Each structure stands twice: as structure tokens, then as C-alpha cells.
Amino acid sequence: MDWGLENRLSRIIKPDTGRTVMLAVDHGYFLGPTTGLENPKKTIEPLLPYADSLMLTRGVLRNSVSAKFAIPIVLRVSGGTSILSPELSNEGITTSIKEAIRLNVCAVALSIFVGSPYEQQTLLALSELVNQANEYGIAVLAVTAVGRDMARDAKYLSLCCRIAAELGAHFVKTYYCEDFKRVVDTCPVPVVIAGGKKIAEKDALQLAYNAVSNGASGVDMGRNIFQSDSPVGMIKAVRAIVHNQASVDEAYRIYEAEKQGKV
Ligand code: 5RP
């Protein structure tokens, strides 16, 4: 592997554990000021010391994150739709590679919408992004977006992840599902999971535990961290599971202790 690419990927997926805790705060690119991210700076700042990388758009990066904080950046570079759009899959590339280099990012991220009306457009956009990013050793994260009416099962998600890897993505973000091992085993690049909609803290920790136990390289979690009643407690608890082999109960105690101010 190209030295620069390997170095950038190693800053995200930590070589000592082979895993990563990515903090996803890119939701505003189609959801606007969603719950918990009304003031991104306020939300992000206390979580920075506990995240292995930050996934966000250039707008939030420039305006809400200090350039003096040396956190690896995964820059979302796809978009063009909003929650009000009739078809969410109608995305394109929003940010150039030149801009990504100027922002000193480790990876760029783009959503693919397999089985959706704009499937081809998003898959070709991924391929083009890989062509451009490869020239500079920047990693590409493919996000397997799931249409409203689609089943999030192993058959569908393994199709999405495998296509993303075949087109050149260096790592893939997808959803946890039953028989998740099949998704990981049929994907030749690292797989991280999204947290999805906010659920109870213990359930979110169980999700992270199940994912890494079944081969995920970690999480790229957003709402289940920043919409928690203790975001710092949650990210610390998720870290314990991902990097320190903590059980769900041990991790939950970390969350509770932080929430009660005992830390
Ligand atoms: C949508 C995304 C999200 O914006 C986000 O990164 C998802 O994170 P979470 O589900 O954990 O809130 O990638 O496709």
C-alpha cells in the first residue's frame, strides 16, 4: 500500500487494536440543525479527546473545530439533497480533492445508494472519488445508505459493502444486522458500523459490542453519542468496548459514572 495512504488509514484505524472509534457529526449535510448538533462546536469540543477521528463536512470543520486540535478528519464529500428532497439518493460529489488536501484530511466519505433510483450515479461517483483520492494517497470511506423501504439485512448490506470495496473504497460504513459476520467476511476492506437512530444507552453499547465481536473494525457513531444524556460518558463507554474489550455491563458502568459526575 502507498505509504501516505497507509499512514492516513493508520491514524483512523489504530494499529495497536486494529479498531477505531469514529465520531460522526456530518448529519447536517442533509438534516440541517438536527437534535444535538444545533451548535456543532459546543457538541464536538468535549468529545474530541475521546474520538479517533471526526467525520463531518467542510463547513462544520472550518467553523466549529480548531485547526490546532490534531484529530484525523474524515471529510464527507457527498450531498446535494435535503430531508425534504423527494429522492435522497440523488447525491453527487460536493467537495473537491484539492479542498480535502487543503483541509489536511485523512479520508473522504461518500454515500452509495444501492437499489435506489440514483444507484448508478452514486456508484460512479464513488469510483471517480477513488480515482482522484488515490492520486494523493487519501483514503475513501463508502457509506452504504439504506432507502426508507429497504431491508437492512445481511444479504443487502453484504451486496452494498462488497460493491463499495470492489469499486475501490478503502473502508466501508454500514449498519449492524443479523448475521453481520457474513457482511464482514465477504468484504475485503475494514467495515465500521453506524449507530443509527438514538436508542437506549445500554442497547447502543450492546450494538457496538455485537458489531466488534462479529468482525467490525469499530464504529462511526453519531446520534447514540451526541444525543445521549451523557455524550462523554457514551463515547468513553464505546471506546472501552472497541479498544479495551470491555463487556456491555462494564462499559455501561463507565457511562453511568460519567453521567453521575463520579469521574
Ligand atoms: C448518513 C450518515 C450519517 O450522517 C451519520 O454519519 C450516521 O451516524 P449515526 O447513524 O451513528 O448517527 O452517514 O448516511
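Here are some residues: 164, 169, 237, 246. Which one is buried (at least 24 other Cβ atoms within 10 Å of the Cβ), part of a loop (DSSP other than H, G, I, E, B) and among the aliphatic types (A, V, I, L, M)? Even if it seems obvious, please write down each step before you answer.
On the way: 164 fails: part of a loop (DSSP other than H, G, I, E, B); 237 fails: part of a loop (DSSP other than H, G, I, E, B); 246 fails: buried (at least 24 other Cβ atoms within 10 Å of the Cβ).
Answer to the check: 169.
Every residue, every condition in (1) within 16 Å of the ligand (Cβ to nearest atom); (2) within 18 Å of the chain's Cα centre (by Cα); (3) among the aromatic types (Phe, Trp, Tyr), yes or no:
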{"position": "49", "(1), (2), (3)": "no, yes, no"}
{"position": "91", "(1), (2), (3)": "yes, yes, no"}
{"position": "96", "(1), (2), (3)": "no, no, no"}
{"position": "112", "(1), (2), (3)": "yes, yes, no"}
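Look at region 40-51: where a residue is within 16 Å of residue 233 (Cβ to Cβ) and a partner is outside any helix (DSSP H, G or I) and of a type in the set (Phe, Trp, Tyr), sitting 6+ places away or on another chain with Cβ atoms under 7 Å, you get 48/69. Consider residue 83 carefully, then state whether it is away from the ligand (no atom under 13 Å from the Cβ) and either touching a residue at least 12 places away in the same chain (Cβ under 8 Å) or among the aromatic types (Phe, Trp, Tyr) (or both). Considered against the rule, which asks whether it is away from the ligand (no atom under 13 Å from the Cβ) and either touching a residue at least 12 places away in the same chain (Cβ under 8 Å) or among the aromatic types (Phe, Trp, Tyr) (or both), residue 83 comes out as no. Quick one: what pairs do we get from region 191-220, first residue of a type in the set (Ser, Thr, Tyr), second assigned to a helix (DSSP H, G or I) and more than 10 Å from the ligand (Cβ to nearest atom), C-beta under 7 Å, 6+ apart or different chains? As it stands, the answer is 209/241; 209/248, since those pairs meet every condition given.
Only one of 84, 54, 5 is modelled with pLDDT of 95 or more and touching a Leu at 6+ places or on another chain (Cβ under 8 Å); which?
On the way: 84 fails: touching a Leu at 6+ places or on another chain (Cβ under 8 Å); 5 fails: touching a Leu at 6+ places or on another chain (Cβ under 8 Å).
One residue alone meets the criteria, 54.
For residue 35, the criteria (1) more than 21 Å from residue 150 (Cβ to Cβ); (2) within 14 Å of the ligand (Cβ to nearest atom); (3) surrounded by 22 or more Cβ atoms within 10 Å (Cβ to Cβ) hold in every case but one, which is (3).
Run residue 213 past the list (1) more than 16 Å from the ligand (Cβ to nearest atom); (2) buried (at least 22 other Cβ atoms within 10 Å of the Cβ); (3) farther than 15 Å from residue 47 by Cβ and report the number of the one that doesn't hold. Every condition holds for residue 213 apart from (2). Filtered by the rule that a residue be under 18 Å from residue 101 (Cβ atoms), within 15 Å of the ligand (Cβ to nearest atom) and either surrounded by fewer than 19 Cβ atoms within 10 Å (Cβ to Cβ) or in contact (Cβ under 8 Å) with a residue 40 or more places away in the chain (or both), region 52-66 gives 53, 55, 58, 59, 61.
In summary, residue 125 fulfils each of the numbered conditions (1) part of a helix (DSSP H, G or I); (2) in contact (Cβ under 8 Å) with a residue 12 or more places away in the chain; (3) more than 16 Å from the ligand (Cβ to nearest atom) with the single exception of condition (3). The single condition among (1) within 15 Å of the ligand (Cβ to nearest atom); (2) closer than 18 Å to residue 22 by Cβ; (3) not in a loop (DSSP other than H, G, I, E, B) that residue 228 does not meet is (3).
Scanning region 67-80 for residues that are in contact (Cβ under 8 Å) with a residue 40 or more places away in the chain and either away from the ligand (no atom under 14 Å from the Cβ) or of a type outside the set (Gly, Ala, Ser) (or both) turns up 72, 74, 76, 77. Determine whether region 165-176 contains at least one residue that is under 28 Å from residue 136 (Cβ atoms), among the polar types (S, T, N, Q) and within 16 Å of the ligand (Cβ to nearest atom). Yes, that holds for at least one residue.
Residues that are in a strand (DSSP E or B) and either more than 13 Å from the ligand (Cβ to nearest atom) or β-branched (Val, Ile, Thr) (or both) within region 142-161 comprise 143, 144, listed in sequence order. When residue 116 is tested against (1) over 21 Å from residue 240 (Cα atoms); (2) outside any loop (DSSP other than H, G, I, E, B), exactly one condition is not met: (2).
The values are calculated or read from the model by the stated rules, or taken from the named source; none is laboratory data. Values in this document were obtained by computation on a predicted structure and should not be read as measured data. Note that each Cβ is placed from the backbone with ideal geometry, even for glycine, and that neighbours are counted across all protein chains shown.
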